[in-house]
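For reference, the structure discussed in these notes is given below.
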Amino acid sequence: MSGFADALVIVAVAAVVIVRQFRARAIDTDRRWWLLPAILAVVALREPGTLDDHHPAASAALLAVELITGVVTGAGWAWTTRIWTASDGAVWTRSTRAGAVVWLVGMALRGGVHALGVASGVHQEGSVLMLGLAVTLLVRGGILAWRAQSLGTSGRPVPAYGRGMRLAWKERV
């Protein structure tokens with residue numbers, strides 16, 4: 001695919017994923033949560049030019065940083081997602097504001113990695129960003145599936161972060 005088509009696919013997938021995650025929705029732990037990331041990874045890896053021929057070490061380092069950023073962003077996004085069970089036993093999920101912050105920080109880091117590549121003269125294809133997005137979605141989906149499976153049938157909401165912490169009372173001023 002061309003650079004424009006790669007960018008279009010990345011923006012479309014990111015928009016769909018983001019919009020869906022900030023609405024409460026039932027999830028099925030048996031579903032193929034890994035399918036979309038796998039498709040994105042295959043599309044990204046089948047393109048030539050993932051590594052720059054003129055700067056192979058620098059482009060490999062930038063790719064590694066992109067993938068690490070994807071893992072950290074996916075894990076942070078998954079752990080800041082609220083999961084609960086409904087009275088019928090269905091598991092529901094919804095991202096929180098902290099998840100939006102994690103997503104925005106991850107995108108800023110990706111932009112910084114890309115800017116560093118441009119500044120150092122390393123040519124980066126859109127497939128690198130697509131591969132990073134695939135890793136982010138794969139890690140997030142895996143952690144959410146694991147959290148949903150480990151969720152008991154208590155029906156109580158599971159905190160998105162700070163599990164086991166007491167709630168602090170807000171003092172009046």
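What to note about this one:
- Matching entry among Gly74, Gly70 (being over 18 Å from Gln124 (Cβ atoms) and not basic (Lys, Arg)): Gly74
- Of all residues in the range 8-33, those that are on the phi < 0 side of the Ramachandran plot have Cβ atoms under 6 Å from Cβ atoms of residues that are in a strand (DSSP E or B) and surrounded by 11 or more Cβ atoms within 10 Å (Cβ to Cβ), 6 or more apart or on another chain, in Gln21/Ser95; Phe22/Ser95; Ala24/Trp92; Ala24/Arg94; Ala26/Trp92; Ile27/Val91; Ile27/Thr93.
- For the range 5-19, filtering for residues that are farther than 14 Å from Ala78 by Cα and open to solvent by 40 Å² or more (accessible area, probe 1.4 Å) leaves 8.
- Residues that are aliphatic (A, V, I, L, M) and either buried (at least 18 other Cβ atoms within 10 Å of the Cβ) or touching a residue at least 60 places away in the same chain (Cβ under 8 Å) (or both) within the range 66-81 comprise Leu67, Val71, Ala75, Ala78, listed in sequence order.
- Checked against the criterion of being of a type in the set (Phe, Trp, Tyr) and more than 18 Å from Ser95 (Cβ to Cβ), the range 6-27 has no qualifying residue.
- Once the range 89-139 is narrowed to residues that are of a type in the set (Ser, Thr, Tyr) and open to solvent by 30 Å² or more (accessible area, probe 1.4 Å), the residue that is farthest from Leu67 (Cα to Cα) is Thr96.
- If you go through the range 62-102 and keep only what is at pLDDT 90 or above and part of a loop (DSSP other than H, G, I, E, B), you end up with Thr80, Thr96.
- Filter result (within 19 Å of Ala57 (Cβ to Cβ) and modelled with pLDDT under 90) within the range 116-135: Gly117, Val118, Ser120, Gly121, Val122, His123, Gln124, Glu125, Ser127, Val128
- Restricting the range 25-48 to residues that are in a loop (DSSP other than H, G, I, E, B) and open to solvent by less than 50 Å² (accessible area, probe 1.4 Å) leaves a set whose member that is farthest from Gln124 (Cα to Cα) is Thr29.
- Ala5 being at pLDDT 85 or above and more than 13 Å from the chain's Cα centre (by Cα): no
- Within the range 136-164, residues that are at pLDDT below 90 reach partners that are of a type in the set (Lys, Arg) with beta carbons closer than 6 Å, at six or more positions or on different chains, in the pairs Ala160/Arg82.
- Given (1) surrounded by 13 or more Cβ atoms within 10 Å (Cβ to Cβ); (2) touching a strand residue (DSSP E or B) at 6+ places or on another chain (Cβ under 9 Å), index of the condition Leu63 fails: (2)
The values are calculated or read from the model by the stated rules, or taken from the named source; none is laboratory data. These numbers come from a predicted model, not from an experiment. A quick note on method: Cβ atoms are made from the backbone with ideal geometry, for glycine too, and the neighbour counts reach across all protein chains shown. Heads up: the accessible areas ignore ligands, DNA and RNA and are worked out on the full protein's heavy atoms, side chains in. Shrake-Rupley method; radii C 1.70, N 1.55, O 1.52, S 1.80 Å.
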